[in-house]
Amino acid sequence: MAGSPRRATSRRLQLPLLCLLFQGATTILFAIFVRYNHETDAALWHWGNHSNANNEFYFRYPSFQDVHAMVFMGFGFLMVFLQRYGFSSVGFTFLLAAFALQWSTLVQGFLHSFYGGHIHVGIESMINADFCAGAVLISFGAILGKTGPPQLLLMTLLEVALFGINEFVLLNLLGVRDAGGSMTIHTFGAYFGLSLSRVLYRPQLEKSKHRQSSIYHSDLFAMIGTIFLWIFWPSFNSAPTSLGDTQHRTALNTYYSLTASTLSTFALSALVSGDGRLDMVHIQNAALAGGVVVGTSGEMMLTPFGAVAAGFLAGTVSTLGYKFLTPILESKFKIQDTCGIHNLHGMPGVLGALLGVLVAGLSTHDAYGDGLESVFPLIAKGQRSATSQAIHQLFGLFVTLVLATVGGSLGGLLLKLPFLDAPPDSQCYEDRIYWEVPGEYENEVQGPLSVEEPDTRA
Amino acid sequence: MAGSPRRATSRRLQLPLLCLLFQGATTILFAIFVRYNHETDAALWHWGNHSNANNEFYFRYPSFQDVHAMVFMGFGFLMVFLQRYGFSSVGFTFLLAAFALQWSTLVQGFLHSFYGGHIHVGIESMINADFCAGAVLISFGAILGKTGPPQLLLMTLLEVALFGINEFVLLNLLGVRDAGGSMTIHTFGAYFGLSLSRVLYRPQLEKSKHRQSSIYHSDLFAMIGTIFLWIFWPSFNSAPTSLGDTQHRTALNTYYSLTASTLSTFALSALVSGDGRLDMVHIQNAALAGGVVVGTSGEMMLTPFGAVAAGFLAGTVSTLGYKFLTPILESKFKIQDTCGIHNLHGMPGVLGALLGVLVAGLSTHDAYGDGLESVFPLIAKGQRSATSQAIHQLFGLFVTLVLATVGGSLGGLLLKLPFLDAPPDSQCYEDRIYWEVPGEYENEVQGPLSVEEPDTRA
Amino acid sequence: MAGSPRRATSRRLQLPLLCLLFQGATTILFAIFVRYNHETDAALWHWGNHSNANNEFYFRYPSFQDVHAMVFMGFGFLMVFLQRYGFSSVGFTFLLAAFALQWSTLVQGFLHSFYGGHIHVGIESMINADFCAGAVLISFGAILGKTGPPQLLLMTLLEVALFGINEFVLLNLLGVRDAGGSMTIHTFGAYFGLSLSRVLYRPQLEKSKHRQSSIYHSDLFAMIGTIFLWIFWPSFNSAPTSLGDTQHRTALNTYYSLTASTLSTFALSALVSGDGRLDMVHIQNAALAGGVVVGTSGEMMLTPFGAVAAGFLAGTVSTLGYKFLTPILESKFKIQDTCGIHNLHGMPGVLGALLGVLVAGLSTHDAYGDGLESVFPLIAKGQRSATSQAIHQLFGLFVTLVLATVGGSLGGLLLKLPFLDAPPDSQCYEDRIYWEVPGEYENEVQGPLSVEEPDTRA
């Protein structure tokens, strides 16, 4: 933003040029590498002697659609709570997720479904790509309002690649179980975003403080996002599991956990406020922690009691985090976390990973019967004990934290490149610098918008 | 609210303490009683020789998700129409439904799936718990804006228990058919809520009248609720039916009935207004009556014509109710029905029960063939004639009306307990007494909010 | 509106009387003609020796629900962008679609599932009726804000009939493939609506220009519509295809195409604005063009690359259309296209038809294997070559354009009938003439509303 109008104008070209460049590159890579798999290819499917009813589509597509709704409606509208950043919240969610779907189809395809020189795609690649987009949007939540779309696209480019590598290490190399992504999605996305936000720390951010709050209607829009995430979370955690009892059990556990995190969030929100009034920030976010916390253990024999207890704990920790930890993160650790992703995804994600360690360590042949094969194939085959599985789960959490923190820090350095378009400190959380905003809105704003205001970051 | 600030503060602890108490109690009961059923337990499922494709999950989970969306998005946003009560409408819906899901899992579990000393849970208990939450939210609609969250939690505690008992009497003892709940959900929820509202009658409610209306955007938010309920109602009525043709036919009948209630609502709304203009209250609510009215008969051989005719009648009756009956209910019967649940759930529910009497009485082996077993098992087994089934259906309606009315009256007395936190007459339909409301909103309100204003009910 | 208050009042009766007349007529026709089919009729289903799991319901109902959500939530809220026409946008969508579902059940039923003197209905007739409602709502987008509900109901009456005929000619007589309706839905709906708008051209429309724009919150509501359409479009295109690989592949292709149209829309929107800022109109609409453009070819062996490339092209063309073509359409061709349906449905629909010509012409036994039967049955049976199929596809586009243009022009003449209630030029895009609008809104409007203002069209 600094300097001449001409330079400002040239920076305005960064977004369209990056979009065209990225879309051009993925288009070429799709042409070279991406092919239908045996369930989406007409010849391959009919060559096998399948009943149409057995096509994986019918077992996973309804769950996929719920996940898709969570990513675009849920995350998008959850972030609309800011009074002047609704267009950007839902619009950039739309852009980043759309790019992430393509790019992670390629990255995850190379790592998981590459054979015969090609990536093979079907419903499972759609679900996995949406999961990766979810991690990107979690990170987006930490830096919401403080980054321009070119920065966000670069973050997505990097994060999708690292997400794929982390997931590959955990699931394929370490044999870690993490169907609903307590580690691979929530912990990774949260600590990637927090590290990135640390590097992008803005000491002068209070210049935009008056815009960093909600208004009545923006909070109602955000509740649409919350409810979408809440109702469809059982589909999220169960979308990629083994079929049959496992998918069924995962949905059930998630459903119970979320009811408990909702009650504990309401209780804690009223308790920690001075006057017993509820805080919309808590309800919108912490009530969802029950979905995060059973991301790893949801497919296991957690028991309905375990699900309820875990949800209760997660809602409690998350609400306390919003009240007491977020201010400390900013003042002591210089981490400005716009949406409080540390409370919704970070801590509940780590808790979920640890719960997975516990439940995996307690698994027995007795409890799972022949279903052990579906949940812990390495234990079922005798290649690993329950204790060994638990240790691997714990190591998976460690790997995730390291990769996320290092990756996010690198991402922060990348996004600090001086030629990248970024909002000045006084224009954070403001739609008008990226969007043509309708007239009525302009009238409400006091004083003229100075697009050319110097960027204090420089 | 009356009395000293100290007493007011201690009342503020009612909500968090009730949440913690209820959550603690359900957690313990879950630990003792709730277990996975044979479709969600790893060992049990694999012990049986099942194909994963036959797990009930694949036949009912998509319908469950639609019902789940109706309960949390549909009911929640439908009630956002009040100008200053949006946080409470969607927030308390969230809280009450989350608690109802846990608590009705226990109540319905004891009554329907208790064996070997344990409650066994799976997708059907999830659907049934959501149905029970729906009944609670219907009752909530009658007292919306006039009750505090501790009162609402106590109402939920009582209503869930009585809902379970009524449902058990109808379905298990009387052999009544009521898949979509014209009686068990709509009639029960409506008359429970209306009786409760009668007991809680506030003669001074006009003190809050200026807040008991909508604004432009709150009506648009409410339309989100309406459309969610409307589009997913076919899933609601068909979610618990027998599989195959029955589930298919129920969805189809509900779909047709709703189209007809929509047209009759538009027609009547324009006719009864003085100047031909449409009233959003009618469109938001009465257009849904077509879903309620086929709740009992939707699974039967109602015929497409029957569905359309029933929907037309329901939309008509419901719109006329909003126009002419609601004012009389308040002035003559001292029933203040905030959302007009008598028009949307009460009368259409009773009509739906009577339609079920008629269609059951007309059922023949000829019309149902071997499908009679799925819809009227007692007739199919020769234990009951069609006429006898019809009489049982009618008796089920009677039982429901009695239990709902008595239960709701008891509920009203319970909620009148003087130490319970309740809004004063001048602060009804007001978010600020329960929520930290963002600044902009405060500025709009004339005059200071007097939280300590005496409660005229005392 | 012209003339005496008495005449105005009598015009106000047009909406309710038309609703009652149409509902009465369809109710009678349902009674005479509509019957359950072999999958929804209890006796017929159980007479056959079917497993319940094979009922078509389980393969198509989840997709149907997504389509249903698109029609009522997606189209309804997409059109809420106008600042003073939200009630009408979502309300008339509700009314027109509800009527279209009934009426097209009859029209399509006579043409596609009439035997033994009856129309037979099930999940496929539900999907087809929703598709037809989609076409009606596309046309509605062209004349949004400039027509009264009686006019809109008459338009629906005509368009549903012509839609059914066009679809019958293409699919049944010409053997054209068009699962997702690039031709039958998008091209037909767009050119029908544009022709109609041409006949209804209002030279004095600038009198309402101040209302023909969005405000901040109305744009956020519209984004709900956009996201609903975007996420569920894979279900839309795949809902009526053959089961198995074909349905799976169609969903996958649509998913990829939409990601690419989103990126190209963001790129072009920023490029064509003077200052690099994004335009909500483009994001809300053009990003969806990727769904339209693969409506015909999505079920074919388009390849993932083909899907991405098509989506990229469609987003580009659509955004450029909003920027450069829409103003010309109004100034040179006297076509006032409120929602820009030419850009979202017209051009991408034609492109999609042409893409279908190309991909059909390139189809080989090698590429499809035994799956050729599912996609191109006439080629598989040897009754037609790939080139011949391509020519038939092209002819289908021609037929659609002719029928839509002629039909829309006739529709325009019908809607110009002088006794029909229509808003005057100065009261277009205004809810208050059809709805009782809550008080707050009234206060915002300068000056009194003159309902009796002369209609300059007369």
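The values are calculated or read from the model by the stated rules, or taken from the named source; none is laboratory data. Nothing here was measured: the structure is a model prediction, and the numbers come from that model. A quick note on method: Cβ atoms are made from the backbone with ideal geometry, for glycine too, and the neighbour counts reach across all protein chains shown.
To keep it simple, each residue is scored yes or no on (1) of a type in the set (Ser, Thr, Tyr); (2) at pLDDT 95 or above; (3) out of contact with any helix residue (DSSP H, G or I) (no Cβ under 9 Å at 6 or more places or on another chain).
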{"position": "B:11", "(1), (2), (3)": "no, no, no"}
{"position": "B:24", "(1), (2), (3)": "no, yes, no"}
{"position": "B:27", "(1), (2), (3)": "yes, yes, no"}
{"position": "B:31", "(1), (2), (3)": "no, yes, no"}
{"position": "B:36", "(1), (2), (3)": "yes, yes, no"}
{"position": "B:40", "(1), (2), (3)": "yes, yes, no"}
{"position": "B:59", "(1), (2), (3)": "no, yes, no"}
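Within the group C:359, C:406, C:437, which residue is modelled with pLDDT of 95 or more and either crowded, with 22+ Cβ neighbours inside 10 Å or outside any helix (DSSP H, G or I) (or both)? Working first, answer last.
Numbers: C:406 fails: either crowded, with 22+ Cβ neighbours inside 10 Å or outside any helix (DSSP H, G or I) (or both); C:437 fails: modelled with pLDDT of 95 or more.
Going through C:359, C:406, C:437 in turn, just one is modelled with pLDDT of 95 or more and either crowded, with 22+ Cβ neighbours inside 10 Å or outside any helix (DSSP H, G or I) (or both): C:359.
Among the residues of segment C:282-294, how many are more than 9 Å from chain A (Cβ to nearest Cβ) and either in contact (Cβ under 8 Å) with a residue 60 or more places away in the chain or farther than 30 Å from residue C:242 by Cβ (or both)?
Keep residues of segment C:282-294 that are more than 9 Å from chain A (Cβ to nearest Cβ), which gives C:282, C:284-286, C:288-294.
Then drop every residue that is not either in contact (Cβ under 8 Å) with a residue 60 or more places away in the chain or farther than 30 Å from residue C:242 by Cβ (or both), which leaves C:282, C:284-286, C:288, C:291-294.
Qualifying residue count, segment C:282-294: 9.
Hand me the list of helices (runs of 4 or more DSSP H) wholly inside segment A:9-106 holding 3 or more residues that are among the small types (Gly, Ala, Ser). Please lay out each step first, then the result.
Working: elements: A:14-33, A:42-47, A:57-69.
Of the helices (runs of 4 or more DSSP H) lying wholly inside segment A:9-106, those with at least 3 residues that are among the small types (Gly, Ala, Ser) span A:14-33.
For segment B:31-48, enumerate the residues that are within 30 Å of residue A:265 (Cβ to Cβ), in contact with a strand residue (DSSP E or B) (Cβ under 9 Å, 6 or more places away or on another chain) and among the hydrophobic types (A, V, I, L, M, F, W, C). Reasoning before the result, please.
Here is the first cut: in segment B:31-48, the ones within 30 Å of residue A:265 (Cβ to Cβ) are B:31-37, B:40-41.
With the extra rule that they be in contact with a strand residue (DSSP E or B) (Cβ under 9 Å, 6 or more places away or on another chain), the set shrinks to B:32-37, B:40-41.
Of everything in segment B:31-48, those that are within 30 Å of residue A:265 (Cβ to Cβ), in contact with a strand residue (DSSP E or B) (Cβ under 9 Å, 6 or more places away or on another chain) and among the hydrophobic types (A, V, I, L, M, F, W, C) turn out to be B:32, B:33, B:34.
Go through segment C:273-316 and report how many residues are in contact with a helix residue (DSSP H, G or I) (Cβ under 6 Å, 6 or more places away or on another chain), at pLDDT below 95 and over 19 Å from residue A:96 (Cα atoms).
0
Search segment C:166-184 for residues being closer than 18 Å to residue C:239 by Cα and among the β-branched types (Val, Ile, Thr), and hand back the single one that is surrounded by the most Cβ atoms within 10 Å (Cβ to Cβ).
Per the criteria, the residue is C:184.
Please determine whether any residue of segment C:112-124 is part of a helix (DSSP H, G or I), in contact (Cβ under 8 Å) with a residue 12 or more places away in the chain and surrounded by 24 or more Cβ atoms within 10 Å (Cβ to Cβ).
Step one: filter segment C:112-124 for residues part of a helix (DSSP H, G or I), giving C:112, C:123-124.
Cutting the leftovers down to in contact (Cβ under 8 Å) with a residue 12 or more places away in the chain gives us C:112, C:123-124.
Right, trim to surrounded by 24 or more Cβ atoms within 10 Å (Cβ to Cβ) and you get C:123.
Yes, because at least one residue in segment C:112-124 is part of a helix (DSSP H, G or I), in contact (Cβ under 8 Å) with a residue 12 or more places away in the chain and surrounded by 24 or more Cβ atoms within 10 Å (Cβ to Cβ).
So, of the residues in segment C:97-119 that are touching a helix residue (DSSP H, G or I) at 6+ places or on another chain (Cβ under 9 Å) and of a type in the set (Ser, Thr, Tyr), which turns out to be farthest from the other protein chains (Cβ to nearest Cβ)?
Here is the first cut: in segment C:97-119, the residues touching a helix residue (DSSP H, G or I) at 6+ places or on another chain (Cβ under 9 Å) are C:97-114, C:117-119.
Narrowing further to those that are of a type in the set (Ser, Thr, Tyr): C:104-105, C:113.
Values: C:104: 11, C:105: 8, C:113: 12 Å.
For segment C:97-119, the residue satisfying everything is C:113.
Answer yes or no as to whether residue B:327 is more than 11 Å from chain C (Cβ to nearest Cβ), assigned to a loop (DSSP other than H, G, I, E, B) and surrounded by fewer than 24 Cβ atoms within 10 Å (Cβ to Cβ). Don't jump to the end; show me each part of the working.
On the way: more than 11 Å from chain C (Cβ to nearest Cβ): yes; assigned to a loop (DSSP other than H, G, I, E, B): no; surrounded by fewer than 24 Cβ atoms within 10 Å (Cβ to Cβ): yes.
The answer is no for residue B:327.
Give segment A:171-180 a look and list any residue that's assigned to a helix (DSSP H, G or I) and in contact with a His (Cβ under 9 Å, 6 or more places away or on another chain), or say none. Talk me through it step by step, then tell me what you get.
If we filter segment A:171-180 for residues that are assigned to a helix (DSSP H, G or I), which is where we start, we get A:171-173.
Of everything in segment A:171-180, those that are assigned to a helix (DSSP H, G or I) and in contact with a His (Cβ under 9 Å, 6 or more places away or on another chain) turn out to be A:171, A:172.
State the number of residues belonging to segment B:36-55 that are among the polar types (S, T, N, Q), surrounded by fewer than 23 Cβ atoms within 10 Å (Cβ to Cβ) and within 7 Å of chain A (Cβ to nearest Cβ).
1
For segment B:56-96, how many residues are under 19 Å from the mean Cα position of the chain (by Cα), within 7 Å of another protein chain (Cβ to nearest Cβ) and of a type outside the set (A, V, I, L, M, F, W, C)?
Count: 6.
Do you know which residues across segment B:117-142 are closer than 22 Å to residue A:305 by Cα and of a type in the set (Gly, Ala, Ser)?
Within segment B:117-142, B:117, B:122, B:125, B:129, B:133 meet the criteria.
Which one of these is without any contact (Cβ under 8 Å) to a residue 24 or more places away in the chain and either closer than 14 Å to residue C:170 by Cβ or more than 14 Å from chain A (Cβ to nearest Cβ) (or both): C:419, C:398?
Details: C:419 fails: without any contact (Cβ under 8 Å) to a residue 24 or more places away in the chain.
Unique residue meeting the criteria: C:398.
Here's the yes/no breakdown for (1) at positive phi; (2) at pLDDT 95 or above; (3) touching a Phe, Trp or Tyr at 6+ places or on another chain (Cβ under 7 Å):
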residue	(1), (2), (3)
A:107	no, yes, no
A:129	no, yes, no
A:132	no, yes, yes
A:135	no, yes, yes
A:149	no, yes, yes
A:167	no, yes, no
A:171	no, yes, no
A:175	yes, yes, no
A:183	no, yes, no
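Would segment B:295-306 turn up any residue that is surrounded by fewer than 22 Cβ atoms within 10 Å (Cβ to Cβ), under 20 Å from residue C:15 (Cα atoms) and within 12 Å of chain C (Cβ to nearest Cβ)?
Within segment B:295-306, none of the residues are surrounded by fewer than 22 Cβ atoms within 10 Å (Cβ to Cβ), under 20 Å from residue C:15 (Cα atoms) and within 12 Å of chain C (Cβ to nearest Cβ).
Tell me which of these residue C:369 doesn't satisfy, since it passes every other one: (1) in a loop (DSSP other than H, G, I, E, B); (2) at positive phi; (3) not charged (D, E, K, R).
It is condition (1) that residue C:369 fails.
Could you grab me the full set of residues in segment C:234-271 that are surrounded by fewer than 24 Cβ atoms within 10 Å (Cβ to Cβ) and more than 9 Å from chain A (Cβ to nearest Cβ)?
C:240, C:241
Filter segment C:185-203 down to the residues that are of a type in the set (Ser, Thr, Tyr) and crowded, with 24+ Cβ neighbours inside 10 Å, then identify the one that is farthest from residue C:292 (Cα to Cα).
To start, the set of residues in segment C:185-203 that are of a type in the set (Ser, Thr, Tyr) comprises C:187, C:191, C:195, C:197, C:201.
Now narrow it down to the ones that are crowded, with 24+ Cβ neighbours inside 10 Å: C:187, C:191, C:197.
Numbers: C:187: 9, C:191: 14, C:197: 21 Å.
The qualifying residue farthest from residue C:292 (Cα to Cα) is C:197.
Inspect segment B:226-235 for any residue being over 21 Å from the mean Cα position of the chain (by Cα) and under 21 Å from residue B:90 (Cα atoms) and give the result as yes or no.
Of the residues in segment B:226-235, the ones over 21 Å from the mean Cα position of the chain (by Cα) are none.
The answer is no; no qualifying residue exists.
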